[in-house]
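Data first, discussion second: the structure below is written as structure tokens.
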Amino acid sequence: DSGVTQTPKHLITATGQRVTLRCSPRSGDLSVYWYQQSLDQGLQFLIQYYNGEERAKGNILERFSAQQFPDLHSELNLSSLELGDSALYFCASSRDHIYNEQFFGPGTRLTVL
Amino acid sequence: SQQGEEDPQALSIQEGENATMNCSYKTSINNLQWYRQNSGRGLVHLILIRSNEREKHSGRLRVTLDTSKKSSSLLITASRAADTASYFCATVRDSGTYKYIFGTGTRLKVLA
């Protein structure tokens, strides 16, 4: 158990809908990262937050957004969902700076029908 | 394009044998990390090697880094069936937009 929690574990929704994925980092970790893992694209970095502020952006679509709250939990919002958004979404956290190892949550499996 | 590329894509060995996986990347890095992922589960950090280090050990794992060739290798000695998983290298860039770049992974199968 990495100490990172993600909810929900599974999510099934329809195209055009909007969903919110939630992540609680390990106790004491200030950085949160979001990743998308699909069969054809591998593991793609989406975005990083550090102590409430956006720190780095990766391959995140404009339909996706995220935020980190004062209690350090983070949410990833996915809107206008398309079939291709079906994937495993992982959250990870690290103690502080990006140079440190990351601890991954169990993931949320999103299925868009 | 993805910075890290693992080689081979898949590897099948007998229990007790050594497994070697390679990772190549394209730009300068601050560090390189190896992660393991069991099917459909979260990644687990194995080892981190900084750009000024050449070799690092952790239990049955040995990682090397050659910054001149922009490559790294992960050696798992005396493999066990429980080592069956996908292994990913991840690079952290030294400058520019900080982000992790994960490779495409090597699927290792250890046969009992």
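Quick look at the numbers
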item	result
Residue in segment B:75-97 that is surrounded by fewer than 17 Cβ atoms within 10 Å (Cβ to Cβ), within 18 Å of A:Q44 (Cβ to Cβ) and either among the aliphatic types (A, V, I, L, M) or out of contact with any Pro (no Cβ under 9 Å at 6 or more places or on another chain) (or both) present	yes
Criterion: farther than 23 Å from A:L39 by Cβ and buried (at least 16 other Cβ atoms within 10 Å of the Cβ) - qualifying residue of B:N18, B:N22, B:N30	B:N30
Which listed residue, of B:S51, B:S86, B:S71, B:S79, is within 14 Å of chain A (Cβ to nearest Cβ), more than 24 Å from A:G3 (Cβ to Cβ) and not aromatic (F, W, Y)	B:S51
Checking B:L65 against (1) in contact with a strand residue (DSSP E or B) (Cβ under 7 Å, 6 or more places away or on another chain); (2) assigned to a strand (DSSP E or B); (3) closer than 28 Å to A:D1 by Cα; (4) more than 10 Å from every other protein chain (Cβ to nearest Cβ), the condition it does not meet	(3)
Only one of A:L46, A:L78 that is of a type in the set (A, V, I, L, M, F, W, C), crowded, with 18+ Cβ neighbours inside 10 Å, within 21 Å of A:G16 (Cβ to Cβ) and in contact with a Gly (Cβ under 6 Å, 6 or more places away or on another chain)	A:L46
Those residues of segment A:1-41 which are closer than 14 Å to A:R109 by Cβ, among the hydroxyl-bearing types (S, T, Y) and away from chain B (no Cβ under 11 Å), in sequence order	A:T7, A:T13, A:S38
Count of segment A:63-90 residues which are assigned to a loop (DSSP other than H, G, I, E, B) and charged (D, E, K, R)	3
Residue check for A:S93: assigned to a strand (DSSP E or B), in contact with a Ser or Thr (Cβ under 9 Å, 6 or more places away or on another chain), small (G, A, S) and in contact (Cβ under 8 Å) with a residue 60 or more places away in the chain	yes
Extreme residue, modelled with the highest pLDDT, among residues of segment A:43-78 that are among the small types (G, A, S) and farther than 22 Å from A:T15 by Cα	A:S74
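The values are calculated or read from the model by the stated rules, or taken from the named source; none is laboratory data. Quick caveat: nothing in here was measured; it's all calculated off a predicted structure. We place every Cβ from the backbone using ideal geometry, glycine too, and count neighbours over all the protein chains shown.
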